[in-house]
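The next block holds one structure in the form of structure tokens; read it before the comments.
The values are calculated or read from the model by the stated rules, or taken from the named source; none is laboratory data. Just so it is clear, the structure is predicted and the values come from calculations on it, not from any experiment. Using ideal geometry, Cβ is built from the backbone for each residue, glycine included, and neighbour counts are taken over all protein chains shown. Heads up: the accessible areas ignore ligands, DNA and RNA and are worked out on the full protein's heavy atoms, side chains in. Shrake-Rupley method; radii C 1.70, N 1.55, O 1.52, S 1.80 Å.
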Amino acid sequence: PPTAEACTDFLCSFSANPKNRRKGVTRARCHGNQFCRNTAKKIMVRVFVNHVDSYTGRELSKVLAGSVVGAIAEEKENGDEADSKPPPASDQADDSSNRYQVVGTVREEDAECPGWVQEIVQTSSRDELLAVLMSCDIIVYHIVDGAGQVEEASWAIQVLHDQLSVISSQKVFVCVSSVLTWARSKPLDPEEPDIAFTEEDYRRRRPHPNFKEHISAEKLTIKLGKTDRTKLTSYVVAAGLLYGAGEGLFHFLFKSAWHGDTPALPVFGDGTNVLPTIHIHDLASVVVNLADSRPSKPRYLIAVDDSKNTLREVVTAISRHLSTGRTTFISREEALLVRDLRQWEYDQLLVNLQMEASTVKDSFNIRWKAEAGLVEEISAVVREYKQTRGLLVSRQSNQH
């Protein structure tokens, strides 16, 4: 590659270092940096995602594996409109070698490796897991699905921080957490309780009692990413309640409605609590934006759609499109007895929060799948649920 001209590529983390920029970094010196588009050689960018066989991990890893490295940041640099149509898949065929290469762990030992995942890592040995994390450029830990992965995520950011002296190129650590770390936050204005929280309020957040470990992991992630950002930078994404792609949290409602298990879908309590939500693929787009652009600020983000739907509105929409349209109110105590409803799911469905994703909306390049929310996009979400679960085929087979 040429050696005389300084590298000005904003995606090149080597030239982005202020010290190197002052020295006049040449393209030759940054050659081999995985994010430098001035180099002639395409370098593999490895991404670690935990529990790729879970609902959240599966969709995050799938979207990352299908994303071309640097594509979102390049679109933003070129001034592309956020709502412009994405290029056809055929146009991206030649870029397949430059997509994120995903490795990860699984929740179930006998789980099959998804086709888009390059390698499954065993977590029985922390030494082996550390070696894999050190080989990756981007590490994504999602701790949305209960507290099961919070300890491992905290260990991962700590052990990477302990390796700063031997890290040669920047690593990005993304902790995908839950808005339940805001569940007990006091209103910004007691006289106007409907004012939405934004990232600027994150120091005021107070967690649900069952999500105290999550907020500790969030704080640790932010703290350890400040030591030397040229070697380890970190972000926390507080994700809204997830829906789409076959469903996770809302699956028991979709399943009950589809099978007709009950004459009416249950609404817990009075159903007036506001649910901050986001489609799982829109959350994945937020993670890809972080991987591509690595913004210096903010490092704590809220990821929610524009909706301010109540639990009752969500349950009613599901019932109307998959069942009789009827709903019934049950007490919160009765809700704890609902079969297939886990504690962390119960906690999420009873949260009452109004939030705005100001940074994501203003600064990120998101091709929204469901910007208006679950209720407004219910037809598309139900269609996606049937396709993902193969329900269209099964119902047609039953008719014949």
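In segment 313-329, the residue that is modelled with the lowest pLDDT out of those that are part of a helix (DSSP H, G or I) and open to solvent by less than 30 Å² (accessible area, probe 1.4 Å) is L322. Sub-7 Å Cβ pairs linking a first residue in segment 102-119 that is touching a residue at least 40 places away in the same chain (Cβ under 8 Å) and assigned to a strand (DSSP E or B) to a second residue that is open to solvent by 60 Å² or more (accessible area, probe 1.4 Å) and not hydroxyl-bearing (S, T, Y), at least 6 apart or interchain, are V102/W116; V102/Q118; V103/Q118; V103/E119, ordered by first then second residue. Looking only at residues in segment 185-204 that are assigned to a loop (DSSP other than H, G, I, E, B) and closer than 27 Å to L220 by Cβ, which one is most open to solvent (accessible area, probe 1.4 Å)? Within segment 185-204, the match that is most open to solvent (accessible area, probe 1.4 Å) is K186. A Cβ distance below 6 Å, combined with a sequence gap of six or more or placement on separate chains, defines the contacts here; from segment 126-145, residues that are free of Cβ contacts under 8 Å to residues at least 40 places away in the same chain reach residues that are assigned to a helix (DSSP H, G or I) and surrounded by fewer than 22 Cβ atoms within 10 Å (Cβ to Cβ) in the pairs L130/V159. None of L242, L220 is open to solvent by less than 20 Å² (accessible area, probe 1.4 Å) and either among the hydrophobic types (A, V, I, L, M, F, W, C) or touching a strand residue (DSSP E or B) at 6+ places or on another chain (Cβ under 8 Å) (or both) except L242.
Within segment 113-167, restricting attention to residues that are more than 20 Å from L232 (Cβ to Cβ) and charged (D, E, K, R), which residue is surrounded by the most Cβ atoms within 10 Å (Cβ to Cβ)? The extreme case among them is D145.
Every residue, every condition in (1) touching a residue at least 60 places away in the same chain (Cβ under 8 Å); (2) open to solvent by 10 Å² or more (accessible area, probe 1.4 Å); (3) among the polar types (S, T, N, Q), yes or no:
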position: V274; (1), (2), (3): yes, yes, no
position: T277; (1), (2), (3): yes, no, yes
position: L283; (1), (2), (3): yes, no, no
position: L290; (1), (2), (3): yes, no, no
position: R294; (1), (2), (3): yes, yes, no
position: Y300; (1), (2), (3): yes, no, no
position: L311; (1), (2), (3): no, no, no
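Taking R205 as the residue in question, decide whether it is closer than 23 Å to V286 by Cα, basic (K, R) and at pLDDT 95 or above. Considered against the rule, which asks whether it is closer than 23 Å to V286 by Cα, basic (K, R) and at pLDDT 95 or above, R205 comes out as yes. Has segment 182-194 got at least one residue that is in contact (Cβ under 8 Å) with a residue 60 or more places away in the chain, under 17 Å from M355 (Cα atoms), in contact with a Pro (Cβ under 8 Å, 6 or more places away or on another chain) and aromatic (F, W, Y)? Scanning segment 182-194 turns up at least one residue that is in contact (Cβ under 8 Å) with a residue 60 or more places away in the chain, under 17 Å from M355 (Cα atoms), in contact with a Pro (Cβ under 8 Å, 6 or more places away or on another chain) and aromatic (F, W, Y). Note on segment 330-379: residues that are polar (S, T, N, Q), assigned to a loop (DSSP other than H, G, I, E, B) and in contact with a helix residue (DSSP H, G or I) (Cβ under 8 Å, 6 or more places away or on another chain) total 1.
Working only within segment 289-312, note down all residues that are assigned to a loop (DSSP other than H, G, I, E, B) and within 17 Å of the chain's Cα centre (by Cα). Answer for segment 289-312, where residues must be assigned to a loop (DSSP other than H, G, I, E, B) and within 17 Å of the chain's Cα centre (by Cα): R294, P295, P298, R299, V304, D305, D306. Checking each residue in segment 249-264 for being in a loop (DSSP other than H, G, I, E, B) and open to solvent by less than 20 Å² (accessible area, probe 1.4 Å) picks out L249, F250, A264. Residues that are open to solvent by 20 Å² or more (accessible area, probe 1.4 Å) and not charged (D, E, K, R) were ranked within segment 223-238; the one that is nearest to K171 (Cα to Cα) is T230. Just one residue in the set V286, V267 is part of a helix (DSSP H, G or I) and not charged (D, E, K, R); that residue is V286. State whether the residues of segment 348-364 include one that is more than 23 Å from R184 (Cβ to Cβ), more than 20 Å from the chain's Cα centre (by Cα) and surrounded by fewer than 16 Cβ atoms within 10 Å (Cβ to Cβ). Checking segment 348-364: not a single residue is more than 23 Å from R184 (Cβ to Cβ), more than 20 Å from the chain's Cα centre (by Cα) and surrounded by fewer than 16 Cβ atoms within 10 Å (Cβ to Cβ).
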